Amino acid sequence: MPKDKLFVVGVGPGAKGYITEIAKKIIKNADLVAGFEPAINIIRDLINRRAEIIVLDYASEKLKLNMIASKLRESKRCVICCVGDPNFSDQQFIKKIKSAFGQIEVIPGISSVQIAVLKAGLAMEDIRFITFHKSGSIKAEKMELIKALKKGKNIILLPRPWDFMPRDIAKFLIRKSIPPKIGISVYENLTLENEAVFGGNLEDLSEKDFSDLSIMIIKKIASR
């Protein structure tokens, strides 16, 4: 593990068994491990007891990335961990990291998106993936969702935890004249002991709360 390169590592959906061997090796050899709390919780017992841990948060994200940069300049082995696979829902975060550090190496992980698609009996090539897991405007993603549904696509999507959760998405789609009885599944806490699956339709969903660790699958609208 080079000391002059920052690694961004996907640590899987939650259960320890889904952490790849290469991710484990990089984390165990790190002098500093950073990540948002859900990611740190997944791999905490893999972190060398002498390693420094930095828990990221949105309020002080820039400050803490600068702290990591200073450790790299001291030739420390540094890792930033992301839940799942960074290539599925963390591209905005990856861009920030590249802007701050330049050269990085991204190590893919197993995404809960893959697991949800498998549980739904679908295949990735038959499904459209949309993520709302980003800051800023999501207007384009909302319109993409409407267009994909009207074109008869199966959709898997990641809600936005702070303001566009499954209930909000259901209400939005009903307002946009998507049939209220269209089939929807919500997968919570995939691979964890409290994993749960909700099956129903938009009307059912519009009155139900879910945890932040939720993924939605919307079955394509049947042709008339």
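Would you tally the net charge around GLU52, using a Cβ to Cβ cut-off of less than 12 Å, leaving GLU52 out, and scoring K and R as +1, D and E as -1?
+4
Mind listing the phi-derived Karplus ³J(HN,Hα) values for segment 181-194, rounded to whole Hz, using 6.51, -1.76 and 1.60 with θ = phi - 60°, and x for any glycine or proline?
8, 4, x, 9, 10, 10, 10, 10, 6, 4, 6, 8, 5, 9
Excluding ASN189 itself, calculate the net charge of residues whose Cβ lies under 10 Å from the Cβ of ASN189, where each Lys or Arg counts +1 and each Asp or Glu counts -1.
Combined, the nearby Lys, Arg, Asp and Glu give -4.
Could you work out how much longer the chain between ASN41 and LYS151 gets when fully extended? Use 0.36 nm per residue separation minus the Cα distance between them, nm to one decimal.
Full extension of this stretch gives 35.6 nm more.
Obtain the nm distance between the two label points defined at ARG73 and SER60 by a simple spin-label model: each point lies 7 Å from its Cα along the Cα-to-C-beta direction.
2.0
If you keep only loop residues by DSSP, which chymotrypsin sites (Phe, Trp or Tyr not before Pro) in segment 1-106 have at most 11 other Cβ atoms within 10 Å of their Cβ?
TYR58
With a/c under 1.5 counting as rounded, go ahead and sort segment 113-218 into rounded, prolate or oblate using the C-alpha gyration tensor (a ≥ b ≥ c being the square roots of the eigenvalues; past the cut-off, prolate if a/b is larger than b/c, else oblate).
Rounded, since a/c falls under 1.5.
Please provide three numbers in whole Å: the alpha-carbon extents of the chain along the principal axes, with the largest listed first.
Sorted largest first, the three principal extents are 63, 33, 30 Å.
Bear in mind these aren't lab numbers, they're just calculated from the coordinates by the rules spelled out. Model, not experiment: these values are computed from the prediction. Every residue, glycine among them, receives a Cβ derived from its backbone with ideal geometry; neighbour counts consider all protein chains shown.
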